[in-house]
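Where a number appears in this text, it was derived from the coordinates with a stated rule and is not lab data. Owing to the predicted nature of the structure, the values given are computational and were not obtained by experimental measurement. Ideal geometry is used to build each Cβ from the backbone, glycine not excepted, and the neighbour counts take in all protein chains shown.
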Amino acid sequence: MCTEEPLYWLGPLGGCDICKKPFNNVMYDVKTNIGPWGNLCESCFQLYTSRRLGTGQGQKFERQTDGRFLCVEGQSGLAIAASDTKKIILGY
Ligand SMILES: [Zn+2]
């Protein structure tokens, strides 16, 4: 999971859980519309999720030059704080 910084994906990573294709440079660990969480590629993220990131929703990872996937969006901390602030401002 994606809970400490810097946040790298540490689990086994085959391909996308839906289309089974290998990941290019982006991977999402995200809750899907059909229920379970999965490792999704960009196109399946667009098709099979609510496209929201954050606690209880999902995280976005990008492949680094060393081949590891770094969490770049949706992690707890700054990203969540920013979206919570936005929610407060917008009133929802
Ligand atoms: Zn896919």
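The figures follow:
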{"item": "Cleavage-rule hits (trypsin sites (Lys or Arg not before Pro)) in region 41-74: DSSP loop, at most 14 neighbouring Cβ within 10 angstrom", "result": "R51, R52, R68"}
{"item": "Shape metrics for region 7-87, restricted to C-alpha atoms - Rg then Dmax, Å", "result": "12.4, 36"}
{"item": "Added length on full extension, which subtracts the Cα-Cα distance from 0.36 nm per residue, V72 to R52", "result": "5.8 nm"}
{"item": "Difference of contour (0.36 nm per residue) and Cα-Cα distance, N24 to Q64", "result": "13.3 nm"}
